[in-house]
1. Of K108/K384; K108/K393; K177/K393; K105/K386; K177/K386, which pairs sit farther than 31 Å apart, going by alpha carbon to alpha carbon?
2. For a protection proxy built on the mean count of beta-carbon atoms within 10 angstrom, sort 166-178, 459-471, 373-385 highest first, please.
3. With the cut-off at 1.5 for a/c, could you classify segment 110-533 from its C-alpha gyration tensor as rounded, prolate or oblate?
4. Relative to the Cα centre, what is the charge dipole magnitude of segment 110-533, using +1 at the beta carbon of each Lys and Arg, -1 at the beta carbon of each Asp and Glu, and rounding to the nearest 20 debye?
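What follows is calculated from the coordinates using simple rules that are stated; it is not laboratory data. All of these numbers come straight from a predicted model, not from anything done at the bench. Here the Cβ positions follow ideal geometry from the backbone for every residue, glycine too, while neighbour counts run over all protein chains shown.
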Amino acid sequence: MKMRGLKSRGNGSAASAPSAGSNVSNGNGSGIDSKNNDELKATQSNGSGDGPDRIGEVEALHEVRSDDELLGDDERGSTTQPGGAQEGGNNSTGVADAMGGRVYKVYKRRWFGLVQLALLNIIVSWDWLSFSANSTTTSQYYNVTPSDINWLSTAFLFAFCVATPLVIYTLHHGGPKPSIITASVLILLGNWIRYGATKAGPHGNFGGVMFGQILTGLAQPFVLAAPTRYSDLWFTNSGRVAATAVMSLANPFGGALAQLIDPSWAGKPEDIPNMVLYIAIISSVASIPSFFIPAAPPTPCSPSGHEEKQALGPSLKFLFTCPEFYMIMVPFTVYVGLFNSISSLINQLLQPYSFTETQAGIAGALLIVVGLVTAAITSPIIDKTKTFLFAIKLQVPIVAISYLAFTWAPQTRNIAAPYAILSVLGAASFSLVPVVLEYLIELTHPVSPEVTSTICWSGGQLLGGIFILVSNALRDPGPNDGSLDDHTNRPPGNMWRALIFQTVIAMVVIPLPLALGCCGRDRKVRMRRVEADKEANDARDVERGVVVP
């Protein structure tokens, strides 16, 4: 966008000469009126225009909207403003409007950071489920039990919680870039340590593998909690949900890749080192561009994007005394925990009923891929219509009912049942994730986005680790690889009681989001950030006039 400010006479009052179709007043209420509300062009100069009587010009003035349109080409060079001011120079953090106000602009370069965050989320989730889809083969290579392999997932999830305070501090004070760089360093170290430990001896060094896995677990919160902060900084109200969806849902997409690809890379125990090596190489390629992403846009994209956020202390105090925060956060963390648990244990849930590792991997991948496709369709619609609350109240019961239906899916011994139910579960769960993350920011504005997202994700990882441990404890005795399947409803090694446990947990939290806005608290569920942007834009239009594209 380009703006030509009004040149002023000695006392700084704006003036322009009359032209056809326009009335110009110059005095205490100096202003410009035009018969054409959409466009005004008034230009006048006297002589060389260098004297004190020079009159400025206003060309092609249009209203600025805080939406997701490109309000100018960020690839252009700086534009000289009348009086020598440069766009983006010391006199302005953006393009100045006619009265010296701020213009909000989105930049094409925002896609570079979005893609990089998505890649890192893919990789870190791939690291998490590297050994889950083929847990039997992995346990044979490292010479440990399947329960020990479960600890690779559990330790990864618990590491998230350990890093949470540092993640909140980094995102709050440094923004997305230092968080992304920290994650990239941890991912690189973790993956290559895992590979080195895997090659140490005929059965590798399981302790070294665990250490590398914990490092990748420490990396996850730095990229999983960053999308809402990045969207708030680089995107506007009409694009934030979709942007958050792309970056956040890339995380489970990495899990889907692990479920699909890893069993084919490691069909037998001696293939495990090559599988770990391939993942380390891919992780390295995906991490290196992180060091070149821009830290922040040159000018803000919306009023709320550059608005100063609350300090951490008051933010936490507000959140923990806000009933609406709990009514959304609790079911979100429970469902994230259940997703982490079922993704880690999918092979052990199905194999006792004679399903193969490949079939279990496809089932886990369907849970994720169908969810991603559904979220890609629903997120832009919800983004445009702002029907956050309706979407939450619709999807939460579907998620719970899907867990209920899956309780009996393995014992059918028909792979179509797990495939169909997990597909529905994924569709409802993944559509819910970006909606909840963005809606919490709307409800708690001006609390900084990383605070709510990090708390929610941290709770989900903590519960995920707990649910895995509980489910493992509820497993029936006997080998769970299907070798002793007696074709009853409870074969040796089955996890029937674990399935009942996760169903009960899923059903218990349904009433919380359904009660949002009830009991006279409808004003507590309004869209605070959207309202703030609208009020700021309306005030700017009234007080400062209009700007040119």
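1. Result: K108/K393; K177/K393 exceed 31 Å.
2. Result, highest mean Cβ count within 10 Å first: 459-471, 166-178, 373-385.
3. Taking the square roots of the gyration eigenvalues as a ≥ b ≥ c, segment 110-533 is oblate.
4. That gives a dipole near 740 debye.
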